[in-house]
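Novice: Right, I'll just put the structure down here and ask away after.
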Amino acid sequence: MSKLDFIFNPKSVAIVGASTQVNKWGYIMIKTLVDGGYRGKVFPINPRGGEILGWKVYPSLIDVEEPIDIAVCALPVKSVKGVAMDCAKKRVSCLIVFTVGFGELNEEGRKLEEEIIEIAKEGGTRVIGPNCMGMLSNSVNLNLTALETPPQGKLAFVAQSGNLALAMFHEALNKKIGLSNYISVGNQIDLKFHEYLSYLKDDPSTKVTMMYLEGLKDGRAFFEVAKETIKVKPIIVYKAGSTKAGARSAFSHTASLTGADEVYTKFFNQIGLIRLENCDEMLDIANTLANAPIIYNNRIALIGGGGGHATTLADAVERHGLEVPILSDETQKKLRKVLLERSVVKNPIDWVGASEELDFSIYQKCLEICFDDNAIDGVIIYGLFGGYRVDLVTPENSYENSASEIIKIVKKYNKPVIVHTPYARDDYKSLDMLREAGIPVYESVDFSAKCMSLLYRYGRFRQRAIERENEERASKAVLSKRDEVVSRILKKGASFVSELDVREILSRYSVPLCPMRLASDEGQAVDTAREMGFPVVLKILSLNIIHKTEVGGVKLNLTNEAEVKEAFREIIENVEKRVKGAKILGCTVSPYLKDDRIEVIIGFSRDQTMGPVIMFGLGGIFVEVLKDVSFRVAPLTRTDAYEMIQETKGYEILRGVRGQKPKDIDSIVEVLLRVGQLAMENPEVKELDLNPVLVSSEGSQVVDVRMII
């Protein structure tokens, strides 16, 4: 039994604030339960007592003799605390708080949330909301939303918005698309997104989970649950608050702390969530993913009549990352046997002219020929299916017959078909037959292509999720690198860690470091440079200074002893002038690496929601001016690290241009993996910058480091 089974399959529900007035929420909620056929017990709560729709009314929760799984409350803010106290005393399993005016409103509301949670915890009561619109569990006829119940189906919706639920329910009713569950999370003062997702992952009635979120309260927990969910079913997300105005609205709405939108985008893609840019498309896309077969390759055949639709669809399909391959000679020969000579059979398949279109069997004949070709993964039927010249339909030659055959072929081959037609909104039996069989029908060329691309995208995400599991299992065999030395350094108390200490930590994680030694005076600097071999680099070492170049604390390409002496003196003078009271430990001496190495930057910072976020980019002007960087949420797999490098513009430079040798990209991957490990094992570290890391054809070396704890 799931941890949240008492919410989605409750045996009893109490309505706090029940009413006999038909226009009141406390009456509508009870009537919805009765009319919907909820099979559990209903306990209306109102101090006046009496009876509502055949159910006895109790003065309080405490007066109910039997156990209560869910108590629903939409009383004014001042009354909610008392309801929470009664829930704790009665040991009610779950309290759903519709009431608004909590943390989304002001600090006083936030403090009240904390009080309610403390009270609820004492009685083992979980809390949904506040500032929510309730929940729906269609498999047990439980509708605690006061909205009209949508059909029962395969799609779950978890949202931080009541209005969007209303819109979703209305759309589902109009399109006859069923929902399995709905949860309005509200301010998430207790139960959070990842807990609902964990339940839905194992829920047999849910095939796809849709989410509208403004912010996550526990990004790390969500990461772990989501990456497991993706292996078995898709997750579709619309993340609001991606603009400054949207983020402002999200906070006032649900007290959410929206992380940097770039981090969310990379996070979703990393674990395989499908992020939508248009919330209006969510229901149709989810319905496609719930019903159509998933594909793992992207080769699509286009079947229909009409050059305009064929061309625009081919453009849209390739724009969405799919291929429209030229069909094999054998497949083309088969098509020519059922089409006229003037028909186009290479792909798109266009039977050109009305005479063929009026033989509706042409659809299923071409479809079976394409599906019989192992080089074709899916088909989009385009053009005029369902409504063109219905006046010429006969019992022997009809769209209904064709639809029936198409359904059989899809089941036979287990490959997806999406039907594009301008008649998608019209009332035609053939189109209803297709939809009822799980074959999507859309009027938009671009949307048809997009939905097919998402079947492929999710297939790839699912493959990657299994690959990630295997990589993570292998990486767990590596012993933790944190030891007593690392612990001692991180517990010194200073927020800025000295470069020598940072290098010691990095060495413990086997990060390749450029040689460096500390010189406390000119003589030591000269001796060290002589031992290392010229040319060398001198840099200031001080706990007060993070950006050395800005204070004149770096001297490059020093080729002899005299230059080292002069450089040492100038660095000390510069720093003493520009940073009053700086605690100077001396200068570090390192070899000056002057070959064709390329500078990259690697580091991490801790996002308030996601935890450690790893960054990679080319160094120098590329990071400062072009912002050519990529991000991933730790922990990283080897695949993550390679993808980080490949998605930057600098990747082509690293591969070698204009006769330069390719750089050792594998060595960058190793540094990224070790930095990710360091980030996961040392929560004290707030930020780490390795800049620059010099990459040659034979490896990488970290030159400069900065760490804040």
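The values are calculated or read from the model by the stated rules, or taken from the named source; none is laboratory data. No experiment lies behind these values; they were computed from the predicted model shown. When we count neighbours, we look across all protein chains shown, and the Cβ atoms used for this are built from the backbone with ideal geometry, even at glycine.
Novice: Any chance you could count how many residues in the stretch 547-577 are under 26 Å from D689 (Cα atoms) and of a type in the set (S, T, N, Q)?
Specialist: Going through the stretch 547-577 one residue at a time, the tally reaches 3.
Novice: Would you mind telling me which numbered condition in (1) closer than 18 Å to N187 by Cα; (2) assigned by TED's automatic domain parsing to the domain that holds E66 K89 fails?
Specialist: (1)
Novice: In the stretch 277-321, which residue that is of a type in the set (A, V, I, L, M, F, W, C) and modelled with pLDDT under 95 is farthest from the chain's Cα centre (by Cα)? Spell out how you get there, then give the answer.
Specialist: Applying the first criterion (of a type in the set (A, V, I, L, M, F, W, C)) to the stretch 277-321 yields 279, 282-283, 285-286, 289-290, 292, 294-295, 300-303, 310, 313-314, 316-317.
Within this subset, residues satisfying the condition of being modelled with pLDDT under 95 are 279, 310.
Numbers: C279: 15, A310: 33 Å.
The selected residue is A310.
Novice: Still on this model: Please go through the stretch 215-234 and give me each residue that is over 16 Å from I466 (Cα atoms) and either out of contact with any strand residue (DSSP E or B) (no Cβ under 8 Å at 6 or more places or on another chain) or not charged (D, E, K, R) (or both), ordered by number. I'd like the intermediate steps shown before the answer.
Specialist: Step one: filter the stretch 215-234 for residues over 16 Å from I466 (Cα atoms), giving 215-222.
Correct list: G215, L216, K217, D218, G219, A221, F222.
Novice: Within the stretch 56-73, is there a residue that is outside any strand (DSSP E or B), under 35 Å from the mean Cα position of the chain (by Cα) and touching a residue at least 40 places away in the same chain (Cβ under 8 Å)?
Specialist: Narrowing the stretch 56-73 to residues outside any strand (DSSP E or B): 57, 59-69.
Adding the requirement that they be under 35 Å from the mean Cα position of the chain (by Cα) leaves 69.
Okay, now just the ones that are also touching a residue at least 40 places away in the same chain (Cβ under 8 Å), so 69.
Yes, that holds for at least one residue.
Novice: Given the conditions (1) part of a loop (DSSP other than H, G, I, E, B); (2) modelled with pLDDT of 95 or more; (3) among the β-branched types (V, I, T), report the number of the one that I15 does not fulfil.
Specialist: So I15 meets the others, but not (1).
Novice: Applying the selection to the stretch 372-415, what residues are of a type in the set (F, W, Y) and either in a loop (DSSP other than H, G, I, E, B) or under 22 Å from K333 (Cβ atoms) (or both)? Lay out the reasoning, then the answer.
Specialist: Keep residues of the stretch 372-415 that are of a type in the set (F, W, Y), which gives 382, 385, 388, 399, 413.
Across the stretch 372-415, the qualifying residues are F385, Y388, Y413.
Novice: Any residue that is of a type in the set (V, I, T) and farther than 25 Å from I601 by Cα - is there at least one of those in the stretch 491-513? Before you say what the answer is, go through the steps one by one.
Specialist: We begin by selecting, within the stretch 491-513, every residue of a type in the set (V, I, T); these are 497, 502, 505, 511.
Filter once more, keeping what is farther than 25 Å from I601 by Cα: none.
Within the stretch 491-513, not a single residue is of a type in the set (V, I, T) and farther than 25 Å from I601 by Cα.
Novice: Considering only the stretch 403-445, how many residues are polar (S, T, N, Q) and under 34 Å from the mean Cα position of the chain (by Cα)?
Specialist: So the count comes out to 3.
Novice: Moving on to the next point. Restricting attention to the stretch 73-94, which residues are of a type in the set (S, T, N, Q) and surrounded by fewer than 16 Cβ atoms within 10 Å (Cβ to Cβ)?
Specialist: Scanning the stretch 73-94 gives a single hit, S79.
Residue-by-condition table, conditions (1) aromatic (F, W, Y); (2) more than 29 Å from I274 (Cα to Cα); (3) not in a loop (DSSP other than H, G, I, E, B):
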site	(1), (2), (3)
A310	no, no, yes
G321	no, no, no
K346	no, yes, no
I362	no, yes, yes
C370	no, no, yes
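Novice: Would you point out which residue out of E561, E566, E573 is farther than 24 Å from Q701 by Cα and in contact with a strand residue (DSSP E or B) (Cβ under 9 Å, 6 or more places away or on another chain)?
Specialist: Details: E561 fails: in contact with a strand residue (DSSP E or B) (Cβ under 9 Å, 6 or more places away or on another chain); E573 fails: in contact with a strand residue (DSSP E or B) (Cβ under 9 Å, 6 or more places away or on another chain).
The conditions single out E566.
Novice: If you don't mind, there's one more thing I want to ask. Out of (1) polar (S, T, N, Q); (2) more than 18 Å from Y212 (Cβ to Cβ); (3) buried (at least 19 other Cβ atoms within 10 Å of the Cβ), the odd one out for Q152 is which?
Specialist: Among (1) polar (S, T, N, Q); (2) more than 18 Å from Y212 (Cβ to Cβ); (3) buried (at least 19 other Cβ atoms within 10 Å of the Cβ), the lone unmet condition for Q152 is (3).
Novice: Taking the criterion of being surrounded by 20 or more Cβ atoms within 10 Å (Cβ to Cβ) and within 17 Å of T288 (Cα to Cα), would at least one residue in the stretch 359-369 satisfy it?
Specialist: No; the residues of the stretch 359-369 include none that is surrounded by 20 or more Cβ atoms within 10 Å (Cβ to Cβ) and within 17 Å of T288 (Cα to Cα).
Novice: Just to be sure, is G383 at positive phi and buried (at least 16 other Cβ atoms within 10 Å of the Cβ)?
Specialist: Yes: the conditions hold for G383.
Novice: Is it the case, given these coordinates, that N174 is assigned to a strand (DSSP E or B) and either surrounded by fewer than 21 Cβ atoms within 10 Å (Cβ to Cβ) or of a type in the set (S, T, N, Q) (or both)?
Specialist: no
Novice: OK, next. Select from the stretch 95-112 the residues that are buried (at least 24 other Cβ atoms within 10 Å of the Cβ) and either within 27 Å of the chain's Cα centre (by Cα) or outside any loop (DSSP other than H, G, I, E, B) (or both) and list them in ascending order.
Specialist: The first filter runs over the stretch 95-112 and keeps only residues buried (at least 24 other Cβ atoms within 10 Å of the Cβ), leaving 95-98, 102.
L95, I96, V97 - these are the residues of the stretch 95-112 that are buried (at least 24 other Cβ atoms within 10 Å of the Cβ) and either within 27 Å of the chain's Cα centre (by Cα) or outside any loop (DSSP other than H, G, I, E, B) (or both).
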